[in-house]
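Everything on this sheet refers to the single structure shown next.
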Amino acid sequence: MYASFDNSFTHLLNWYINNKKNYYNKDVCDMEARGKCMQNAVSSVYNPTYESEPFVDFETIGPSTEIEELNLNWQEKDLPERIRTKHVHRLHPYLGKFIPQLVEIFLRKYEPKTVYDPFSGSGTTLVEAKSLGINSVGCDISEFNVLLSKVKTDDYDILLLEKEVKDIVKQFRIKNENTLDRSPILTTNNKYLNTWFAPKALHELLLFQSLIEDYEYQDVLKLFLSRSARSARLTKHFDLDFPKKPQTEPYDCFKHSRVCKPVEIASKFLTRYSYDGLKRIKEFSEVKNDASVELFCHDSRTVKIPNFDVLFTSPPYLGLIDYHEQHRYAYELLGLTSRDDEEIGPAFKGRSNGAKDDYVTKIYEVFKNAVKYMNEDGRIIIVVADKKDFYSSIRDDLGAIEEHKISRHVNRRTGRRNSAFYEDVLIWKV
Ligand SMILES: C[S@@+](CC[C@H](N)C(=O)[O-])C[C@H]1O[C@@H](n2cnc3c(N)ncnc32)[C@H](O)[C@@H]1O
């Protein structure tokens with residue numbers, strides 16, 4: 001799905017690799033020191049080669065760590081999936097998140113008291129901030145994403161949580177066994193749910209949902225329900241990210257190299273994900289520190305937030321993902337309110353020139369609003385694959401100076417992309 005990013009960006013990166021091995025633009029830095037640097041010009045560009053040793057010693061990073069020590073071109077062996085998806089980072093699937101270690105590195109280097117992520121998504125910035133004892137503020141237009149971030153970062157009475165999770169699984173099993181052979185099973189008028197779930201799977205999801213009100217940690221249980229619903233949809237096993245229509249007949253499964261049948265039940269997912277989620281929340285509770293997390297479900301162009309020192313974010317790309325639609329099952333099942341008309345750059349609005357202008361204006365407005373709350377000497381750090389160079393005009397309009405730009409070769413991520421992909425870490429001072 002990311003293949004469309006690559007061609008001209010690959011070309012540019014190859015040029016760097018071939019012509020400027022371990023390139024670090026010291027001349028420009030010297031110019032800046034002599035006061036000759038033009039405003040907004042890049043003071044350092046760092047493009048380490050993919051072959052050179054990547055940086056993995058995260059705990060050693062501090063304010064004195066030099067940018068050119070940070071080779072972020074990790075391969076699978078340097079930063080295996082289990083580390084990238086540790087504890088709550090894999091509490092629920094979410095397409096389009098960045099890897100936690102990127103956040104960790106820059107939080108350690110810039111040591112903010114408070115970090116702000118205006119596109120907080122699945123909460124990666126907030127989780128990493130909490131691990132490091134840094135206060136965080138997150139904003140996202142998607143109610144589901146805010147729920148996910150909240151569940152990841154909330155503090156729990158772990159013994160009570162464990163008791164509740166075990167109990168709901170037990171109650172669910174008992175009630176499900178009692179109702180399975182009976183008719184009618186639990187039903188709904190919701191058209192989406194009736195289309196995307198087999199009757200038995202839907203019954204089980206509705207049954208689990210009906211039990212949630214008996215417990216204190218309802219948001220956690222809703223999230224387990226949502227994760228189960230995602231897996232229990234009538235989709236092909238290899239097409240969970242963007243299924244176009246329900247799969248009701250057996251099909252050739254590329255993932256399992258055999259003929260698979262569409263999912264008919266949800267119970268195995270409800271049990272599995274309840275225990276897996278509990279384990280992940282427990283693991284995180286052992287490593288997190290005391291720090292506040294404030295979440296806003298709002299358009300980040302206009303949200304009012306507390307003051308902060310560092311903004312760390314990865315913005316939505318133009319015309320690539322529909323962030324509400326990817327969790328449509330959760331919106332329908334949990335009765336969440338969709339604000340997809342306020343999403344910036346959604347896939348459904350395309351990539352026309354009009355969509356592009358709209359995207360650049362709105363991203364600018366997000367940063368313009370954020371800097372009102374940024375403390376003196378703050379930094380804006382953006383992780384982005386800016387192939388069309390949208391971000392230099394946003395930076396200039398903001399009156400920001402690009403202190404550093406670190407290029408990064410992204411080897412592999414979740415999803416079905418297998419071609420190369422590059423992104424930059426832009427560090428701006430306003
Ligand atoms: C690339 S994702 C961020 C992912 C995040 N870094 C993570 O690791 O989970 C971009 C996010 O921007 C959010 N978004 C889009 N338009 C928005 C707006 N107007 N205000 C706030 N958030 C918005 C989307 O809902 C999506 O979650």
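The values are calculated or read from the model by the stated rules, or taken from the named source; none is laboratory data. Here the structure is a predicted model, which means the values were calculated and not measured. As a convention, Cβ positions derive from the backbone with ideal geometry for all residues, glycine included, and neighbour counts pool all protein chains shown. Accessible surface areas use protein heavy atoms only, side chains included; no ligands, DNA or RNA. Shrake-Rupley method; radii C 1.70, N 1.55, O 1.52, S 1.80 Å.
Below are the figures for this structure:
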{"item": "Karplus 3J(HN,Hα) series, Hz, for region 338-344 with 6.51 cos²θ - 1.76 cosθ + 1.60 (x for Gly, Pro)", "result": "8, 10, 5, 5, 9, 5, 8"}
{"item": "Segment F348-V259, length gained on full extension (0.36 nm per residue, minus Cα span)", "result": "28.8 nm"}
{"item": "Burial order of peptide ranges 173-179, 316-322 (average beta-carbon count within 10 Å, highest first)", "result": "316-322, 173-179"}
{"item": "Nearest-20 debye value, region 321-430 charge dipole, Cβ charges on Lys, Arg, Asp, Glu", "result": "520 debye"}
{"item": "Computed label-point distance, nm, for sites V56 and K191 using a 7 Å Cα→Cβ extension", "result": "5.2 nm"}
{"item": "Other-chain or far-sequence residues with amide H under 5 Å of D386's (modelled H)", "result": "D424"}
{"item": "Hydrodynamic radius by Kirkwood, which averages 1/r over all alpha carbon pairs of region 94-225, in angstrom", "result": "17.3 Å"}
{"item": "Hull shadow area, averaged, region 258-415 [alpha-carbon convex hull, nm²]", "result": "14.1 nm²"}
{"item": "Long-range HN-HN contacts of V293 with modeled amide H, under 5 Å", "result": "S136"}
{"item": "Vicinal HN-Hα couplings computed from phi for region 164-169 (Karplus, 6.51 cos²θ - 1.76 cosθ + 1.60; Hz; Gly/Pro x)", "result": "5, 5, 4, 5, 5, 5"}
{"item": "Approximate spin-label separation H237-E283, in nm, with each point projected 7 Å along Cα-to-Cβ", "result": "2.3 nm"}
{"item": "For region 179-231 and region 322-340, distance of Cα centres in Å", "result": "16 Å"}
{"item": "Hz values of 3J(HN,Hα) by residue in region 146-162 - Karplus curve (6.51, -1.76, 1.60), Gly and Pro given as x", "result": "5, 4, 4, 5, 5, 4, 5, 9, 4, 9, 10, 7, 4, 5, 5, 4, 4"}
{"item": "Two-site label geometry, N178 and K429: point separation in nm, points 7 Å out along Cα→Cβ", "result": "6.7 nm"}
{"item": "Under 16 Å from K166, Cα to Cα: lysines that are on another chain or at least 8 residues apart", "result": "K175, K222, K268, K279, K282"}
{"item": "Whole-Å distance, taken between Cα centres, linking region 98-121 and region 342-400", "result": "18 Å"}
{"item": "Cross-link partners of K304 among lysines (Cα-Cα below 25 Å; sequence separation of 8 or more within a chain)", "result": "K97, K113, K130, K150, K152, K362, K368, K372, K429"}
{"item": "Charge dipole magnitude, Cβ of K and R +1, D and E -1 - region 186-326, Cα centre, debye nearest 20", "result": "640 debye"}
{"item": "For K255, solvent-accessible area (1.4 Å; no DNA, RNA or ligand), Å²", "result": "130 Å²"}
